[in-house]
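A quick write-up on the structure given underneath.
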Amino acid sequence: MPASEEIRLQVFLAHCGVASRRASEQIILDGRVCVNGSVVTELGTKVSDKDEVTVDGKKIRLESVKRYVLLNKPAGFVCSSSDEKGREVAADLLKDKYSERLYNVGRLDMYSKGMILFTNDGDFAAKLSHPSSQIEKEYIVETSQDVPDDLPSKLEHGVRIEGVFYKPVRVVKLKERKLKIVLIEGKNREIRRMLESVNIGTKSLVRVRIGNINLDDLRPGDSRDLTQAEVKGLLNLCKN
C-alpha cells in the first residue's frame with residue numbers, strides 16, 4: 001500500500017498483522033486504537049501509512065513481508081490474540097520463529113488439535129474466513145463410544161440442535177470408534193455437538209486438512225511456511 005493511500009482503519013490493522021478484519025473491528029469499538037494520539041472508535045475512519053496508529057499504546061506499522069504459516073496446534077491452546085483467563089495462546093508457539101505479528105485464520109477450540117493457519121495478510125484471511133469460500137476442513141475423530149453404522153448417513157443428511165442446523169459434507173466410519181468428518185462452514189464446536197446429540201463423546205479431534213493443505217508429519221507444536229503454490233491453491237479453491 002503506498003504511503004499516501006488511505007484505507008479503512010480495520011483494514012490497516014489487518015495489514016499490520018494485528019488481527020483479522022472482523023477482530024480488528026472489535027478492537028476499534030473497544031477503544032483500544034489511537035490515531036495520531038486520539039482514540040478512534042469509528043469503523044469508517046480512514047488512515048494511511050503516514051498516520052501514527054497505536055493499539056493498546058503500541059505503535060503498529062505495515063509489514064513488508066507477508067507470512068502464511070501452518071501450525072499443528074496441540075490441545076490446551078486457545079485461538080485468540082490474547083486470553084483474559086490466562087490460558088496458553090496458540091500464536092505464542094510462533095513467536096520464537098517469526099518476528100511479524102501473526103493471527104489465526106479460523107479457529108480450533110481449546111481441546112481440539114491439528115491444523116490452524118496464521119498470517120499477517122488481511123486480504124488472504126478475509127477471503128478464507130468468509131463462509132462463501134466453501135473451503136473443506138477434514139477432521140479425524142476418536143469417540144468414547146462405538147459408532148453405529150448408520151450414523152454417517154444420518155449426519156450427512158443434517159441434524160438440528162437447539163435451533164442450529166449442522167450438515168457435514170462427508171462422514172466416513174474408519175473404525176468402531178473413529179470417524180473422518182469433512183466440514184465446510186465449521187460452526188462453533190460443530191462436531192462435538194453433533195456427536196453429543198446422539199450420546200457419543202469425543203475423545204480426540206484432530207484437523208488434518210484445510211483445502212489443498214495436509215497436516216502430514218508436522219509434529220504437535222511445530223510450524224512451517226506455506227509454499228507459494230499452496231497459498232495460490234487455497235485462494236483458487238475459494239468460491240467467493
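The values are calculated or read from the model by the stated rules, or taken from the named source; none is laboratory data. Quick caveat, the model's predicted, so the values are computed rather than measured. Here the Cβ positions follow ideal geometry from the backbone for every residue, glycine too, while neighbour counts run over all protein chains shown. Note: areas computed on protein heavy atoms with side chains; ligands, DNA, RNA excluded. Shrake-Rupley method; radii C 1.70, N 1.55, O 1.52, S 1.80 Å.
In table form, for the structure just shown:
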{"item": "The stretch 127-164, subset surrounded by 14 or more Cβ atoms within 10 Å (Cβ to Cβ) and hydroxyl-bearing (Ser, Thr, Tyr), residue modelled with the lowest pLDDT", "result": "129"}
{"item": "Extreme residue, nearest to residue 184 (Cα to Cα), among residues of the stretch 211-240 that are assigned to a strand (DSSP E or B) and open to solvent by 40 Å² or more (accessible area, probe 1.4 Å)", "result": "214"}
{"item": "Selected residue (only one of 171, 182, 208, 198 is assigned to a loop (DSSP other than H, G, I, E, B) and among the β-branched types (Val, Ile, Thr))", "result": "198"}
{"item": "Flag for residue 191 being closer than 14 Å to residue 139 by Cα, touching a helix residue (DSSP H, G or I) at 6+ places or on another chain (Cβ under 8 Å) and either of a type in the set (Val, Ile, Thr) or part of a loop (DSSP other than H, G, I, E, B) (or both)", "result": "no"}
{"item": "Identity of the residue in the stretch 173-195, under 24 Å from the mean Cα position of the chain (by Cα) and open to solvent by 50 Å² or more (accessible area, probe 1.4 Å), that ends up nearest to residue 209 (Cα to Cα)", "result": "180"}
{"item": "Selection count where residues are buried (at least 17 other Cβ atoms within 10 Å of the Cβ) and not polar (S, T, N, Q), scope the stretch 66-82", "result": "9"}
{"item": "Of residues in the stretch 7-31 being in contact with a helix residue (DSSP H, G or I) (Cβ under 9 Å, 6 or more places away or on another chain) and under 14 Å from residue 57 (Cβ atoms), the one surrounded by the most Cβ atoms within 10 Å (Cβ to Cβ)", "result": "18"}
{"item": "Odd one out for residue 116, checked against (1) outside any strand (DSSP E or B); (2) crowded, with 17+ Cβ neighbours inside 10 Å; (3) touching a helix residue (DSSP H, G or I) at 6+ places or on another chain (Cβ under 9 Å)", "result": "(1)"}
{"item": "Breaking point among (1) under 21 Å from residue 204 (Cα atoms); (2) buried (at least 18 other Cβ atoms within 10 Å of the Cβ), for residue 124", "result": "(1)"}
{"item": "Residues that are open to solvent by 30 Å² or more (accessible area, probe 1.4 Å) and closer than 20 Å to residue 104 by Cα, drawn from the stretch 33-60", "result": "56"}
{"item": "Verdict on residue 63 being among the acidic types (Asp, Glu), farther than 18 Å from residue 221 by Cβ, surrounded by 16 or more Cβ atoms within 10 Å (Cβ to Cβ) and in contact with a helix residue (DSSP H, G or I) (Cβ under 8 Å, 6 or more places away or on another chain)", "result": "yes"}
{"item": "Where residue 160 falls short, out of the listed (1) closer than 25 Å to residue 19 by Cβ; (2) part of a strand (DSSP E or B)", "result": "(1)"}
